[in-house]
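Step one of this worksheet: look at the structure below.
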Amino acid sequence: MMAASAHTIAAPARAKTAAGSATLRRKQGFQHGGWFVAPFLLLFALFVIWPLLRGVYLSFTDANITGEGASFVGLDNYREALNDPLVWDSLGHSAYFTLLVVPCITVLAFLLAMLAHHIERGKWLWRLCFFAPFLLPSTVAANLWQWLFNPGTGMINHVFGTETPWLTDKSYAMLAIVITTLWWTVGFSFLLYLAALQGIPGHLYEAAKLDGANAWHRMVHITLPMLRSITGLVIALQVLASLQIFDQAVVMTDFLPGPEGSTRTFVQYTLEEGFTSYRVGYASAISVIFFVIIAAVAFARMWLLRNREETAR
């Protein structure tokens, strides 16, 4: 009886001592590890947090590019932005570009990954060819396709026997930028899909073959479900990247907003207001609005992913 009572009393004490030791180890680990992450946190605060806070502050002022004589204007910049037709037009152009690029690049990256994964001869060459364009700087890719789309000397019209004014007609300008973006950026999503395909256990396909499943059934019932998470990641990354389109749109239209402003994106309009019209306060307000949109998309993706995981459980 006495031994059992002593054991009963000692058990909580040992558990409390173990918990205290674990807490002490965590504190010591944080103290030592904190010095390793301190340089990153310092740079992050200097180049990300501080500019973000500074931009939010400027959005409530009428600051110009010189930074002198700024006065507080409250929400006037935000009211003007919400009633500015060019803000909505540029946002619509960015959204339209996103709607064109994201589905195309997701499907194309999956098909290229399937091809590179199942091909037998020259596998390394196919992978290199599909991924190599992504290594080019954005200006190089944009200048290359600007020349290809040139009505006079470009190869596109020559190959197809047309005289389409790709970059000077508002009906084709955004499409030309979409094609350029697909060629240039598909390699990244292709690499993600290829890595995911290589991670699918081979015994699943072997079991399906034994059950008489053909190639189409194996893809529909094994490959696509196993790639569901990576597909969600690809879509999320592409949406965030496409909404921030700037480089190729500006370079391919010679730093102009395209024919009749048809390729003016949200980021481009923000820079025009800040560095062409010198309205830094107004440009900051537009940037804050855009940041809220991007953050909403990111949080929506996180919310959908969490709900999907809870449903799967």
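The values are calculated or read from the model by the stated rules, or taken from the named source; none is laboratory data. A quick note: this is a predicted structure, and the numbers were derived from the prediction, not measured. Cβ coordinates were reconstructed from backbone atoms using ideal geometry, including for glycine residues, and neighbour counts include every protein chain displayed. Surface areas here come from the heavy atoms of the whole protein model, side chains and all, with no ligands, DNA or RNA. Shrake-Rupley method; radii C 1.70, N 1.55, O 1.52, S 1.80 Å.
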message: Just want to confirm a number: the relative contact order over the stretch 227-313, from Cα pairs under 8 angstrom separated by 6+ residues, in percent.
response: 23
- request: Could you check which residue among Gln268, Gln198, Gln238 shows the biggest mean-square fluctuation in a GNM of the chain with a 10 Å Cα cutoff?
  value: Gln198
- prompt: Using 7 Å Cα-to-Cβ label points, what is the Phe246/Arg228 separation (nm, one decimal)?
  reply: 3.7
- request: Compute from the Cα atoms of the chain the Rg and the Dmax, the latter being the longest Cα-Cα distance, and quote both in angstrom.
  value: 27.0, 100
message: Looking at the chain as a GNM with Cα springs under 10 Å, which of Ile49, Ile294, Ile177 has the largest mean-square fluctuation?
response: Ile49
message: Relative contact order for the chain: what percent, with Cα pairs under 8 Å and sequence separation of 6 or more?
response: 28
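Can you pull the percent of the stretch 84-278's accessible area that's carbon plus sulfur, 1.4 Å probe, other chains left in place?
68
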field: Efficiency of FRET from Cβ geometry, Met302 and Ala95, R₀ 25 Å, rounded to 0.05
entry: 0.75
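Could you provide, to the nearest whole Å², the per residue accessible area of the stretch 173-276 with probe 1.4 Å?
Per residue, the stretch 173-276 has 46 Å² of solvent-accessible surface.
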- prompt: Within the chain, which complete DSSP H helices have Cα atoms spanning at least 18 Å along the helix axis and a mean Kyte-Doolittle hydropathy of -0.5 or higher?
  reply: 2-44, 85-118, 173-198, 228-243, 280-312
message: Could you identify which residue out of Gly67, Gly55, Gly161 has the top mean-square fluctuation in a GNM of the chain using Cα springs shorter than 10 Å?
response: Gly161
